[in-house]
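The values are calculated or read from the model by the stated rules, or taken from the named source; none is laboratory data. Not measured: the values here are computed from a predicted model. Here the Cβ positions follow ideal geometry from the backbone for every residue, glycine too, while neighbour counts run over all protein chains shown. Side chains are part of the model used for accessible areas, which takes the heavy atoms of the whole protein and leaves out ligands, DNA and RNA. Shrake-Rupley method; radii C 1.70, N 1.55, O 1.52, S 1.80 Å.
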Amino acid sequence: MALVLAVDRSLRPQRVSVREQRLIAFVGVCGLGAIDVLTYLSPTTGPFGSSDPVSGSWIDVAVNTAVVLAVANGIRRGRRWAWVLLVGYGILNALVLVLAAVLLVAVGLGGIEDAADLDLTVTLASSATWVVALVYLILVRAAFRARPKAALGEAPAPTVDDVKAELRATGGGTLSWMTTWEGMSYARFGRGIVAFQRRSRVALVLGDPLGPEETRAETVRAFVERAENAGLAPCFFSAGEATRAVVPEGWRSVVVADDTIVDLPGLQFTGKAWGAVRTSLNRAEREGMTFRLSRLSDETWGVRQQLRAISESWVGDKGLPEMGFTLGTLHEAADPEVRIALAVSPAGDVDGFLSWLPVYGEGRVRGWTLDLMRRREGGFGPVMEYLIGSSAQQFSNEGAEVMSLSGAPLAHEYPADAGVLADLQERMASMLEPVYGFASLHRFKQKFHPRYETMYLLYRDEADLTRIGAALTRAFLPHATLRQFAAAGVELVRPEK
């Protein structure tokens, strides 16, 4: 429960969140610690009188400062041990205040004759302020039970099979099938499911919550509350407009990608605009190329080995391992619900391949999302145009509604006033562009004349940006080593412990 701290001009009580309670306590502890340190360094004057500097060495000051900062950081993160220490210290100060009051009364009654030597100025001031802090800490005690590894949803937590079943039943967005990949955790709130990763004390949600549309607002609210109670910074990466509309008031958003959607009903590659795609299809026919759309498990051992060799060659040229989070590998392509598009030369060589993730809606597959794009060096030139164009034709013939070419991560052009996170993402994109070519990939997809749907990063405020930057770095490159980052010229954002 949030504590009533103030009233607005209409005299209505105003409540603060768990995070705000922790921040208030953090600022208070830092302030009290600063006051204690100042009493060591200089004379003070206040409502209780004046005092001389407290005797003590610089070592005492340094130790006190270090202790205050450690405990204050624990309070900021909602740690129970820090709250217990402060409450204990506050109780000690309350006892000291009572004792000081007794001594003052005794002086007033003449019980202590040598009153001139009794200076309680610093003691009274320090103890009184700590008692006020004690009262506040007791009132907001529920905010200091953070357990970063605690389950964030209802028990039992959903499994991957539960997530797939929910997708088949109620559908999802073009990125929703990525929530079934390894490394994801799940939180359930009724029918709503949130897929996320814990990284750098961030609850990093991928895409939109799953489940019936009418449960989205409550699911988002419950997840944010659980994450904050656990001491994690909640944020939603590549979320759509519907999720942006239901995040808590005051949250910020920044565009991270534009999903590229090709509508399939009635699709025809006619006219000048489709010249590049049409040319690739005609050239493939002349050169005897064969298109095949299948499952990885249905292919022969020889074909699977070719795909593996193409992928390993691609990764070997990059200096960094394959990315994760919103970019899959052959391991994810082995899912029986994922389809593989192959371009096979007359000699039987695979010149390129794609993987397509299902997009569910209304109890059926309503579309497909592009994931892997790999080509063999020295193979058929316009193989990617050929593969995507042929896939679009077959999906259209099967009755699919949409084909997503996905959003190239970190390739969005930000306005000048986009803020700190946009600057961070642009720096990361510029470092990774020579390795992964996000911008060139984004330009390539424009050949298919898609419509765009905006994808957002939704977060609380700028104070979370450092952690979010570290979380995104590790989510996209979970297996990269420091040596690989250095070799690729990428400065690793170190996550907080």
Note to self: Taking amide H atoms as placed 1.01 Å from N in the peptide plane, list the residues 5 or more away in sequence, or in a different chain, whose amide H sits under 5 Å from that of Thr369.
What the structure shows: Leu357, Val359, Ser404
Next item on the list: Kindly write out, for the range 375-381 in residue order, the coupling ³J(HN,Hα) from the Karplus curve 6.51 cos²θ - 1.76 cosθ + 1.60 (θ = phi - 60°), rounded to whole Hz, with x marking Gly and Pro.
Entry: 9, 8, 4, x, x, 4, x
Notebook entry, point to check: How large is ³J(HN,Hα) for each residue in the range 259-275, as worked out from phi by the Karplus curve 6.51 cos²θ - 1.76 cosθ + 1.60 (θ = phi - 60°), to whole Hz, x for Gly and Pro?
Noted result: 5, 9, 10, 10, 7, 8, x, x, 5, 9, 8, 10, x, 4, 4, 9, x
Notebook entry, point to check: Under 5 Å between amide H atoms, partner at least 5 residues away or on a different chain: which partners does Arg374 have, H built in plane at 1.01 Å?
Noted result: Phe353
Next item on the list: With all protein chains present, calculate the accessible area of Arg339 using a 1.4 Å probe and round the result to the nearest 10 Å².
Entry: 30
Margin query: Full-extension gain between Thr159 and Ile35, please, as 0.36 nm times their residue separation minus the C-alpha to C-alpha distance.
Written below: 39.5 nm
Notebook entry, point to check: So what J values fall out for the range 278-285 if you push phi through Karplus, 6.51 cos²θ - 1.76 cosθ + 1.60 with θ = phi - 60°, rounded to Hz, Gly and Pro as x?
Noted result: 4, 4, 5, 5, 5, 5, 4, 5
Margin query: Restricting to Cα pairs below 8 Å that are 6+ residues apart, what does the relative contact order work out to for the range 210-292? Please round to a whole percent.
Written below: 20
Checklist line | Built amide H within the under 5 Å cut-off of Ala257, gap 5+ | finding: Met455
Margin query: What is the distance in Å between the Cα centroid of the range 290-314 and that of the range 264-287?
Written below: 25
Margin query: Taking 8 Å as the Cα distance limit and 6 or more residues as the minimum spacing, I'd like the relative contact order of the range 231-349 as a percentage.
Written below: 31
Item checked: 12 Å beta-carbon shell around Gly173, net charge (K/R +1, D/E -1) -> -3
Checklist line | Net charge of Cβ neighbours under 10 Å - reference Ser238; Lys, Arg +1; Asp, Glu -1 | finding: -2
Item checked: Gain on full stretching of the segment that runs from Leu23 to Arg145 - 0.36 nm per residue minus C-alpha separation -> 42.5 nm
Next item on the list: Please give, to one decimal in nm, the separation of the simple spin-label points placed at Ile91 and Arg292, each 7 Å out from Cα toward the Cβ.
Entry: 7.4
